[in-house]
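Below is one structure; the comments refer to it alone.
The values are calculated or read from the model by the stated rules, or taken from the named source; none is laboratory data. Keep in mind that what you see is a predicted model, and the values were worked out from it rather than measured. With ideal geometry, Cβ positions are generated from the backbone for all residues, glycine too; neighbour counts draw on all protein chains shown. The accessibility values were calculated without ligands, DNA or RNA, using every heavy atom of the protein model including side chains. Shrake-Rupley method; radii C 1.70, N 1.55, O 1.52, S 1.80 Å.
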Amino acid sequence: MAGRVPIARTLCALASGTLLGLLLAGCGAPAVTGSATQPGLGPSPADTVLPEAATPGRAAPAGSTPRPSFAREAVAAAHPLASEAGAALLAAGGNALDAAIGAQFVLSVVEPQASGLGGGGFLLHWDGREVAAWDGRETAPAAAGPDWFLRADGTPLPMAAAVASGRSVGVPGLVSMLEAAHRAHGRLPWARLLQPAIALAEQGHAVGPRLHALLQAEMQGSGALARDPQARAHFLDAEGRPWPVGHVLRNPAQAAVLRAVARDGAAALHRGAVAADIVRRAAAHGAPGAQPAPAGRMTAADLERYRPQRRTALCADWAPHWRVCGMPPPSAGQLTLMQTLGIVERLGRGAAAPPAGAADADWLHRFTEAQRLAFADRNRHVGDPDFVAPPSGRWDSLLDAGYLDARAARVGPRSMRQAPAGDPAAPALALAAPAAAPEGGTTHVSVVDAVGRAVALTSSIEAMFGARLMSDGGTGLPGGFLLNNQLTDFSFVPSDAQGRPLANRVEGGKRPRSSMSPTLVFDRRDGRLAMVTGSALGAHIIPAVARTLVGTLRWQLHPQDAVALPQVSALNGPTLLEAGRFEPAVVQALRERGHEVVEQPLPTGLSALAWRDGAWHGAADPRREGAVRGR
């Protein structure tokens, strides 16, 4: 039953496992859509194409936004309803992992364009003694091979055709990863964590300005979402227009799938009716047009054999006294982040005062050149560790002091524009160095609980609205969940012109490289957890997290002010400056240093929690609709 509700409503609460109130409102926020580039073929303008469209946000000058702080525990998530659900689970006796899981399932309902049951993610968990790294990245079907994204003549498919097709759908891993992490670290019963999401799916939530604007951007762009009957009926009215702001969006199919997951765990998604429906929809779909992408070839066996991985967290020291922990490959996030930070420190002025450093052309030059060097290494070396050997037999060889010294020495007074990859030691395989493929949007949750446990969780369905395919889980009900297009994170061509293989080439059972960067920071002086952070926005996640760490820990800004800093990215291509946030003199100074400057929105979707002065200080990106809740 359709209807409207006011955009301000009561908040979500849990008592004895029962949802007492539902915040049905949406908020405002940012995001532009996919790319038509052909990845893996050399430099391209893909660096300037955003994975999500920018929508009107609430960006404000540093110092003018609220700075929430909490004495005991806090949740920062990409939607207020998710933050409320996580905080309510903490208040009901749950721990950080419980709260993160509850928040993530809510995001699957209220932020469907970014993450959900049909996607994957990475999770870091701190229990006071060790950091556990959980890998729920999607995998390629067993049938995938070097020609997965190639046409009959051997040329790669256009990105737009590949994205909106069953060929792009990877075997989802998010729910399986969350279940495995809960088995190891959770406190509240698994089924209880899904109750807020089930209630929202059944009772509905208001379409907010952000979701409405993203649907408008989709319809003004490729419109592929409307070509899927299930998705069209859920997101659009009878005339094919996005539901208006305030429309109560109910999702009976997802509610039914969530109830099955609450009862049977991840098996409900990887076997039986839900799995069969995922396979059917991926196999039946090829994007319409003169040169459509071939249909997917995922099987029930692919879904049944999926397993999340518990990996060893990758930690590295950073000046002056911080220890930064993140995900190892197949995420390139931590390696690229720490290369960027390490090179910037070597170039000097790492601790420049914020008024100078935040918009100083000299600091920005060094910061973006460091990114170029780091992304060049990322593109050449990093892939699924079950398929790609690291240089020198260990991934952290890319962070060795001598190697970073040599990389930093390449930075001169003028921009390289495109940096060469380096070799810390002879790799086990002579790998080519392709250009990076454009990556999709994500969501992030940061949580700390009252006894000091913490979770950083980043999840994704890849592009905005994923593969534009919606599964009803075999329920026959309206709504459902969107399937990912994560396989487009692979290089479309398997080798370069010289026949050298690409680390991130398509192979059956392989996990595509990611830029997701859930991050935990510790103070080496006493071992205390100092910060939990992460972001959305594809490959732009890495520079966004780097700038937030510098702003919070080097420049001593409140995390909210650090998150709101003007963003800058250089993914080994143009220097991207957040539109309207830099003085013309700064832009001109960068151009005089040889930078190809592009000004555009960068709706990063950061969240952060930082310990300072005896409290947890929270931050949610003002470019989107996130919120921080706690007590």
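Below is a table of values for the structure above.
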{"item": "Some residue of the stretch 203-224 being charged (D, E, K, R) and within 30 Å of A85 (Cβ to Cβ)", "result": "yes"}
{"item": "Neighbours by Cβ (under 9 Å, 6+ apart or cross-chain): first from the stretch 296-311, farther than 15 Å from G136 by Cα and among the basic types (K, R); second assigned to a loop (DSSP other than H, G, I, E, B) and open to solvent by 40 Å² or more (accessible area, probe 1.4 Å)", "result": "R297/A142; R297/A143"}
{"item": "The listed residue being modelled with pLDDT of 95 or more and over 28 Å from A564 (Cβ atoms), out of R372, R323, R307, R380", "result": "R307"}
{"item": "Condition met for A213 (crowded, with 21+ Cβ neighbours inside 10 Å and assigned to a helix (DSSP H, G or I))", "result": "no"}
{"item": "Residues within the stretch 578-604 that are out of contact with any Pro (no Cβ under 7 Å at 6 or more places or on another chain), of a type outside the set (V, I, T) and within 16 Å of G551 (Cβ to Cβ), tallied", "result": "1"}
{"item": "Top-ranked residue of the stretch 111-154 - restricted to ones that are within 21 Å of D277 (Cα to Cα) and part of a strand (DSSP E or B), ranked as most open to solvent (accessible area, probe 1.4 Å)", "result": "T139"}
{"item": "Unique residue being surrounded by 24 or more Cβ atoms within 10 Å (Cβ to Cβ), among the hydrophobic types (A, V, I, L, M, F, W, C) and under 21 Å from V344 (Cα atoms) when the list is A503, A544", "result": "A544"}
{"item": "Sole residue being in a loop (DSSP other than H, G, I, E, B) and either among the acidic types (D, E) or crowded, with 23+ Cβ neighbours inside 10 Å (or both), chosen from G474, G479", "result": "G479"}
{"item": "One residue from G580, G573 being touching a residue at least 40 places away in the same chain (Cβ under 8 Å) and open to solvent by 10 Å² or more (accessible area, probe 1.4 Å)", "result": "G573"}
{"item": "Among (1) at pLDDT below 95; (2) more than 21 Å from V279 (Cβ to Cβ), the one test that A162 misses", "result": "(2)"}
{"item": "Lone unmet requirement of (1) farther than 16 Å from V445 by Cα; (2) surrounded by fewer than 23 Cβ atoms within 10 Å (Cβ to Cβ); (3) in contact with a His (Cβ under 8 Å, 6 or more places away or on another chain) for Q567", "result": "(2)"}
{"item": "Scan of the stretch 250-259 for residues that are buried (at least 23 other Cβ atoms within 10 Å of the Cβ) and not in a helix (DSSP H, G or I), ordered by number", "result": "N251"}
{"item": "Every residue from the stretch 61-109 that is of a type in the set (D, E, K, R), more than 16 Å from A262 (Cβ to Cβ) and at pLDDT 95 or above", "result": "R72, E73, E84"}
{"item": "Meets criteria (at pLDDT 95 or above and part of a strand (DSSP E or B)) for F465", "result": "no"}
{"item": "Count of the stretch 583-601 residues which are open to solvent by less than 10 Å² (accessible area, probe 1.4 Å) and at pLDDT below 95", "result": "0"}
{"item": "Total residues in the stretch 613-631, condition open to solvent by 20 Å² or more (accessible area, probe 1.4 Å) and either of a type in the set (S, T, N, Q) or in contact with a strand residue (DSSP E or B) (Cβ under 9 Å, 6 or more places away or on another chain) (or both)", "result": "5"}
{"item": "Flag for A456 being in a loop (DSSP other than H, G, I, E, B), buried (at least 24 other Cβ atoms within 10 Å of the Cβ) and either at negative phi or out of contact with any Lys or Arg (no Cβ under 9 Å at 6 or more places or on another chain) (or both)", "result": "no"}
{"item": "Residue check, V169 modelled with pLDDT under 95, surrounded by 22 or more Cβ atoms within 10 Å (Cβ to Cβ) and either under 19 Å from the mean Cα position of the chain (by Cα) or closer than 21 Å to R310 by Cβ (or both)", "result": "no"}
{"item": "Candidate set from the stretch 400-422 (those that are part of a helix (DSSP H, G or I) and in contact (Cβ under 8 Å) with a residue 60 or more places away in the chain); member that is surrounded by the fewest Cβ atoms within 10 Å (Cβ to Cβ)", "result": "A408"}
{"item": "Where a residue in the stretch 260-285 is on the phi < 0 side of the Ramachandran plot and open to solvent by less than 20 Å² (accessible area, probe 1.4 Å) and its partner, wherever it lies, is modelled with pLDDT under 95 and of a type outside the set (K, R), with Cβ under 7 Å and at least six apart", "result": "A282/G166; A282/G296"}
{"item": "Some residue of the stretch 520-533 being surrounded by fewer than 22 Cβ atoms within 10 Å (Cβ to Cβ), in contact (Cβ under 8 Å) with a residue 60 or more places away in the chain and at positive phi", "result": "no"}
